[in-house]
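For reference, the structure is listed below as structure tokens.
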Amino acid sequence: MTQVASNLQIDSARLWGTIHETAKFGATPKGGVRRLTLGAEDKQVRDWFKTACEAAGLEVHVDTLGSMFALRRGRDMSKPPVGLGSHLDTQPTGGKFDGVLGTLAALEVVRTLNDAGIETEIPLCIVNWTNEEGSRFAPAMMASAAYVGDFTVDDILSRKDADGVTVADALEIIGYRGDSAVGAQKFSSFIELHIEQGPILEAEGKTIGVVDSGQGLLWYDGRITGFESHAGSTPMRLRRDALATLSEIVLAMETIAKKHGPNAVGTIGEAVIAKPSRNVIPGEIAFTVDCRSADAAIMDALDADLRAATAEISARRKVEVALDLIWRKAPTRFDPKLVDAVEAAAKKLGFSHRRITSGAGHDACNLNTRIPAAMVFVPCKDGVSHNELEDATQADCTAGANVLMHTVLALAGVAS
Ligand code: HGY
Ligand code: MN
Ligand code: MN
């Protein structure tokens with residue numbers, strides 16, 4: 001690698017500036033970002049991103065599910081590019097860094113290589129994956145899951161949000177139903193920079209997380225059918241109360257996750273009473289469950305225990321409970337050679353680092369089922385994410401982007 005390349009550093013102020021510039025698309029009063037996938041704010045940031053990529057000399061194409069691919073030519077265009085990037089959509093109470101850091105750091109890497117006049121041996125391709133968050137449309141990491149064949153494109157296009165809008169409609173409305181076939185863009189490898197979204201790196205005073213594994217996920221749609229009746233005249237012993245039933249299920253989920261802990265978590269993140277009224281006993285509730293573990297056997301145990309608990313609660317309360325497993329993502333073991341490349345870059349740049357498992361799911365976890373992939377983590381304040389208070393330091397974001405860049409240069413090679 002040339003001396004210039006070997007000592008290359010990204011432009012910290014420029015990266016920090018782009019993170020805060022794009023945070024205005026969906027900015028919330030508490031300093032967060034609400035940018036639900038394929039909504040108006042997502043269109044704004046996508047348009048911004050396309051313009052910025054083209055200004056950096058990249059060829060941008062969009063696939064059927066709206067994922068954006070920005071290609072930087074290399075000396076040997078016969079080789080599939082090294083992929084780098086993440087996502088620009090956020091949670092309803094999202095922050096400035098989840099997904100955004102990895103996508104904009106990828107752009108910063110390209111801008112830095114352009115400034116230095118460095119051509120890589122094999123091409124690079126920046127990616128903004130559609131709907132990583134899975135909040136508006138399930139599942140999470142939706143587009144990268146379709147890219148690796150976990151779901152058909154038609155199945156994903158038909159997925160509906162709470163208002164009955166399909167993914168296909170939403171893509172048309174914002175003008176991002178692209179021409180490229182899903183999966184057409186090939187990669188030799190994929191590296192994703194992301195905030196840790198957990199407390200470990202900050203607690204240990206480590207700058208870089210060398211991510212070697214990721215939790216598996218189980219997502220369920222639940223439906224409880226009890227019986228609406230008068231809140232005043234129905235004796236307690238005759239009630240079939242859907243919300244009281246759900247309350248027991250929520251506490252059972254917490255007990256089950258703790259039983260299989262520390263390597264297990266469980267959350268009921270959504271619950272909707274069909275026809276709420278203060279003086280009617282809730283009869284019908286839709287809810288969601290998110291269970292995770294880095295151990296496949298624990299995932300199976302979480303599933304078995306949750307089903308047993310809901311069956312017992314349902315029978316005792318004479319209330320119907322349906323639990324539909326809509327998504328099972330196996331635990332991730334990232335490609336060892338790529339993990340080593342990330343670790344070597346962190347070492348070379350002199351950053352404190354440690355191997356770490358990702359508690360959150362990421363597009364790189366899907367990519368890793370088909371091509372070599374790995375991730376770089378940096379700390380976030382108090383380990384908080386999926387919260388408007390999400391925060392990270394400029395120094396850590398810069399360190400992460402430099403590790404990303406030097407990992408990518410090691411994988412892509414430097415032609416000149
Ligand atoms: O749910 C996740 O782990 C990711 O933030 N979508
Ligand atoms: Mn993310
Ligand atoms: Mn997220």
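The values are calculated or read from the model by the stated rules, or taken from the named source; none is laboratory data. Computed from a predicted structure; not experimentally measured. Note: ideal-geometry Cβ built from the backbone for every residue, glycine included; neighbour counts use all protein chains shown. Keep in mind that these areas ignore ligands, DNA and RNA; they rest on the heavy atoms of the full protein, side chains included. Shrake-Rupley method; radii C 1.70, N 1.55, O 1.52, S 1.80 Å.
Between the residues SER352, GLY175, GLN44, the greatest Cα displacement towards the positive end of the dipole of the chain, with unit charges on the Cβ of Lys, Arg, Asp and Glu, is found for SER352. Compared with the direct C-alpha span, the chain from LEU251 to ALA315 gains 21.4 nm at full extension, assuming 0.36 nm per residue.
Against the chain, whose longest principal axis is taken from its Cα atoms, helix 12-22 shows a tilt of about 40°. Both radii are taken from the alpha-carbon atoms of the chain; with Rh as the Kirkwood radius, Rg/Rh is 1.01.
Under the simplified labelling scheme, the ALA415-SER352 pair shows an inter-label distance of 4.1 nm, with each label point 7 Å from Cα along Cα→Cβ. The portion of the accessible surface of region 304-416 made up by carbon and sulfur, rounded to a whole percent, is 54 (1.4 Å probe; DNA, RNA and ligands excluded).
Using R0 = 25 Å, the C-beta based FRET efficiency linking ARG75 and GLU172 works out to 0.05.
Using θ = phi - 60° and the Karplus relation 6.51 cos²θ - 1.76 cosθ + 1.60, list the HN-Hα couplings for region 82-93 in order, rounded to whole Hz, with x at every Gly or Pro. For region 82-93, the Karplus curve yields 7, x, 8, x, 6, 9, 10, 7, 10, 6, x, 10 Hz. Take LYS258: with every protein chain present and a 1.4 Å probe, its accessible area is about 150 Å². Considering helices alone, the calculated mean residue ellipticity of the chain at 222 nm is -11000 deg cm²/dmol, with DSSP H runs of length four and up weighted by -39500 (n - 2.57) and normalised per residue. A simple rule links phi to the HN-Hα coupling: the Karplus curve 6.51 cos²θ - 1.76 cosθ + 1.60 with θ = phi - 60°, which for region 280-293 gives 10, 5, x, x, 9, 9, 9, 9, 10, 10, 10, 10, 8, 7 Hz, with x for Gly and Pro. The modelled label-to-label distance between ASN279 and SER6, using points 7 Å beyond Cα along the C-beta direction, is 8.1 nm. Axis of helix 40-55 versus longest Cα principal axis of the chain: the two differ by about 10°, to the nearest ten degrees.
Computed from label points 7 Å out along Cα-Cβ, the spacing between SER158 and GLU21 is 4.2 nm. Only Cα sites of region 91-197 enter the Debye sum here, all with the same form factor; the resulting log10 I(q)/I(0) across q = 0.15, 0.22 1/Å is -0.78, -1.34, listed in q order. If I fit a long axis through the Cα atoms of helix 242-259 and take the longest principal axis of the Cα atoms of the chain, what angle between them do I get, 0 to 90°, rounded to 10? Result, in degrees: 50. Over all directions, the projected convex hull of the C-alpha atoms in region 270-416 averages 13.6 nm² in area.
Averaging the Cα positions of each part gives two centres, and for region 190-249 and region 62-111 these lie 29 Å apart.
Taking 0.36 nm per residue of sequence separation and removing the Cα-Cα distance, the LYS258/THR28 pair yields an extension gain of 79.4 nm. Sparsely packed loop sites in region 1-66 (the trypsin sites (Lys or Arg not before Pro) outside DSSP H, G, I, E and B with at most 13 other Cβ atoms within 10 Å) comprise LYS24, LYS30.
Dipole of the chain computed with +1 at Lys/Arg Cβ and -1 at Asp/Glu Cβ about the Cα centre; of ALA203, MET77, THR22, farthest Cα towards the positive end is ALA203. With θ taken as phi - 60° and the Karplus curve 6.51 cos²θ - 1.76 cosθ + 1.60 applied, the whole-hertz 3J(HN,Hα) list for region 180-185 is 6, 6, 5, x, 5, 6 Hz, x standing for glycine and proline. The distance from the alpha carbon centre of region 282-342 to that of region 1-49 is 33 Å, rounded to a whole number.
Hydrodynamic estimate: the Kirkwood radius of region 162-287 over Cα pairs, inserted into Stokes-Einstein at 37 °C and 0.692 mPa s, corresponds to D of 166 µm²/s.
Accessible surface calculations at 1.4 Å, restricted to protein heavy atoms, place the chain at 40 Å² per residue. Sorted from longest to shortest, the spans of the Cα atoms of region 17-63 along the three principal axes equal 36, 25, 10 Å. A simple charge model with +1 on the Cβ of Lys and Arg, -1 on the Cβ of Asp and Glu and nothing else charged puts the dipole of the chain at about 500 debye relative to its Cα centre. Centroid-to-centroid, using Cα positions, region 116-183 and region 355-416 are 20 Å apart.
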